[in-house]
1. Please verify whether the range 82-100 includes one or more residues that are within 13 Å of the chain's Cα centre (by Cα), within 28 Å of residue 121 (Cβ to Cβ) and at pLDDT 80 or above.
2. When the residues of the range 110-135 are narrowed to those that are assigned to a loop (DSSP other than H, G, I, E, B) and closer than 19 Å to residue 57 by Cα, which ends up modelled with the highest pLDDT?
3. Mind listing whichever residues of the range 54-71 are crowded, with 17+ Cβ neighbours inside 10 Å and closer than 21 Å to residue 120 by Cβ?
(Lines give C-alpha, C1' and ligand atoms only; values in the text may rest on other atoms or scores of the structure.)
Protein backbone atom coordinates (compact mmCIF):
# COMPACT_ATOMS: atom_id res chain seq x y z
CA UNK A 1 0.00 0.00 0.00
CA UNK A 2 1.27 3.41 -0.86
CA UNK A 3 1.02 6.23 1.63
CA UNK A 4 -1.62 8.05 -0.47
CA UNK A 5 -3.79 4.93 -0.62
CA UNK A 6 -3.45 4.48 3.13
CA UNK A 7 -4.55 8.10 3.74
CA UNK A 8 -7.53 7.71 1.38
CA UNK A 9 -8.66 4.51 3.08
CA UNK A 10 -8.21 6.00 6.54
CA UNK A 11 -10.16 9.17 5.66
CA UNK A 12 -13.03 7.21 4.14
CA UNK A 13 -13.29 5.01 7.21
CA UNK A 14 -14.22 8.06 9.30
CA UNK A 15 -16.99 9.06 6.90
CA UNK A 16 -20.60 8.21 7.71
CA UNK A 17 -23.87 8.70 5.90
CA UNK A 18 -25.51 12.03 6.67
CA UNK A 19 -29.07 12.84 5.57
CA UNK A 20 -30.66 16.27 5.65
CA UNK A 21 -34.14 17.49 4.75
CA UNK A 22 -34.83 21.21 4.48
CA UNK A 23 -38.17 22.96 3.98
CA UNK A 24 -39.10 26.60 3.62
CA UNK A 25 -40.66 29.43 1.64
CA UNK A 26 -38.62 31.85 -0.42
CA UNK A 27 -39.66 35.38 -1.28
CA UNK A 28 -38.22 38.10 -3.48
CA UNK A 29 -39.18 41.62 -2.46
CA UNK A 30 -42.16 40.28 -0.52
CA UNK A 31 -43.49 38.08 -3.36
CA UNK A 32 -43.18 34.30 -3.77
CA UNK A 33 -39.89 33.33 -5.42
CA UNK A 34 -41.18 30.73 -7.87
CA UNK A 35 -39.02 28.43 -10.01
CA UNK A 36 -35.75 29.09 -8.13
CA UNK A 37 -32.99 26.49 -8.30
CA UNK A 38 -32.10 25.05 -4.88
CA UNK A 39 -29.24 22.67 -4.17
CA UNK A 40 -28.39 20.78 -1.01
CA UNK A 41 -24.60 20.60 -0.88
CA UNK A 42 -21.81 19.38 1.35
CA UNK A 43 -18.56 21.26 1.75
CA UNK A 44 -15.63 19.59 0.08
CA UNK A 45 -12.05 20.67 0.72
CA UNK A 46 -11.05 20.13 -2.93
CA UNK A 47 -14.17 21.40 -4.69
CA UNK A 48 -16.78 24.15 -4.47
CA UNK A 49 -19.32 21.84 -2.90
CA UNK A 50 -20.72 18.46 -3.74
CA UNK A 51 -24.39 18.48 -4.74
CA UNK A 52 -26.49 15.87 -2.93
CA UNK A 53 -29.88 16.98 -4.33
CA UNK A 54 -31.57 19.77 -6.27
CA UNK A 55 -35.12 21.04 -6.68
CA UNK A 56 -36.98 24.13 -7.84
CA UNK A 57 -39.38 26.15 -5.74
CA UNK A 58 -43.13 25.85 -6.37
CA UNK A 59 -45.24 28.77 -7.61
CA UNK A 60 -45.80 29.88 -4.00
CA UNK A 61 -42.03 29.85 -3.26
CA UNK A 62 -42.20 26.71 -1.13
CA UNK A 63 -39.72 23.87 -1.35
CA UNK A 64 -38.64 20.62 0.26
CA UNK A 65 -35.25 19.12 -0.47
CA UNK A 66 -33.62 15.97 0.88
CA UNK A 67 -30.17 14.59 0.27
CA UNK A 68 -27.64 12.15 1.67
CA UNK A 69 -23.91 11.78 1.43
CA UNK A 70 -21.22 9.72 3.07
CA UNK A 71 -19.30 12.56 4.67
CA UNK A 72 -16.72 13.25 7.34
CA UNK A 73 -17.71 15.25 10.42
CA UNK A 74 -15.74 18.22 9.07
CA UNK A 75 -17.96 18.38 5.97
CA UNK A 76 -20.95 20.65 6.54
CA UNK A 77 -24.32 20.60 4.77
CA UNK A 78 -25.83 23.77 3.33
CA UNK A 79 -28.50 25.03 0.96
CA UNK A 80 -27.31 26.95 -2.11
CA UNK A 81 -29.87 29.04 -4.01
CA UNK A 82 -29.19 30.65 -7.39
CA UNK A 83 -31.67 33.40 -8.13
CA UNK A 84 -32.30 36.83 -9.69
CA UNK A 85 -33.50 38.60 -6.52
CA UNK A 86 -30.86 41.31 -6.59
CA UNK A 87 -31.10 43.89 -3.78
CA UNK A 88 -28.99 46.32 -5.83
CA UNK A 89 -31.60 46.30 -8.62
CA UNK A 90 -29.17 45.47 -11.42
CA UNK A 91 -32.28 44.38 -13.33
CA UNK A 92 -32.73 48.06 -14.21
CA UNK A 93 -30.75 50.15 -16.69
CA UNK A 94 -31.17 53.92 -16.42
CA UNK A 95 -34.33 53.34 -14.37
CA UNK A 96 -35.92 51.16 -17.06
CA UNK A 97 -36.61 47.47 -16.38
CA UNK A 98 -34.57 45.21 -18.64
CA UNK A 99 -36.48 42.71 -20.80
CA UNK A 100 -36.91 39.28 -19.22
CA UNK A 101 -34.70 37.59 -21.84
CA UNK A 102 -31.76 39.84 -20.89
CA UNK A 103 -32.19 38.94 -17.23
CA UNK A 104 -32.38 35.25 -18.06
CA UNK A 105 -29.29 35.05 -20.24
CA UNK A 106 -26.90 37.68 -18.94
CA UNK A 107 -26.14 41.24 -19.90
CA UNK A 108 -25.73 44.12 -17.44
CA UNK A 109 -28.90 43.18 -15.58
CA UNK A 110 -28.28 39.46 -15.79
CA UNK A 111 -26.51 39.08 -12.47
CA UNK A 112 -26.73 35.67 -10.92
CA UNK A 113 -27.19 36.07 -7.20
CA UNK A 114 -26.51 33.25 -4.77
CA UNK A 115 -27.71 32.67 -1.24
CA UNK A 116 -25.97 30.35 1.22
CA UNK A 117 -27.92 28.90 4.15
CA UNK A 118 -25.96 26.59 6.48
CA UNK A 119 -27.76 23.58 7.96
CA UNK A 120 -26.95 22.87 11.62
CA UNK A 121 -25.30 19.45 11.96
CA UNK A 122 -27.78 18.61 14.74
CA UNK A 123 -30.45 18.25 12.00
CA UNK A 124 -28.80 15.17 10.49
CA UNK A 125 -31.70 12.72 10.06
CA UNK A 126 -34.28 15.41 10.89
CA UNK A 127 -36.28 18.08 9.06
CA UNK A 128 -34.81 21.59 9.23
CA UNK A 129 -37.32 24.37 8.50
CA UNK A 130 -35.81 27.66 7.42
CA UNK A 131 -39.25 29.28 7.56
CA UNK A 132 -39.81 32.25 5.27
CA UNK A 133 -36.63 33.76 3.76
CA UNK A 134 -36.41 37.02 1.84
CA UNK A 135 -33.76 36.34 -0.82
CA UNK A 136 -32.86 40.01 -1.29
CA UNK A 137 -31.60 39.97 2.32
CA UNK A 138 -29.73 36.66 2.02
CA UNK A 139 -27.16 37.52 -0.67
CA UNK A 140 -23.92 35.58 -0.30
CA UNK A 141 -22.37 36.16 -3.74
CA UNK A 142 -23.19 37.78 -7.07
CA UNK A 143 -21.71 37.30 -10.52
CA UNK A 144 -21.50 41.03 -11.26
CA UNK A 145 -18.37 43.12 -11.05
CA UNK A 146 -19.08 44.89 -7.78
CA UNK A 147 -19.01 43.43 -4.28
CA UNK A 148 -22.05 43.14 -2.02
CA UNK A 149 -21.58 44.52 1.45
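The values are calculated or read from the model by the stated rules, or taken from the named source; none is laboratory data. As the structure is a computational prediction, the values presented were derived from the model and not from experiment. Backbone-built Cβ (ideal geometry, glycine too); neighbour counts: all protein chains shown.
1. So far as the range 82-100 goes, yes, one or more of its residues are within 13 Å of the chain's Cα centre (by Cα), within 28 Å of residue 121 (Cβ to Cβ) and at pLDDT 80 or above.
2. Narrowing the range 110-135 to residues assigned to a loop (DSSP other than H, G, I, E, B): 110-112, 119-120, 124-126.
From the residues that got through so far, the ones that are closer than 19 Å to residue 57 by Cα too are 112, 119.
Details: 112: 72, 119: 95.
Out of the qualifying residues, it is 119.
3. Start the filter on the range 54-71 by keeping residues that are crowded, with 17+ Cβ neighbours inside 10 Å, which leaves 57, 61, 63, 65, 67-69, 71.
Matches in the range 54-71: 63, 65, 67, 68, 69, 71.
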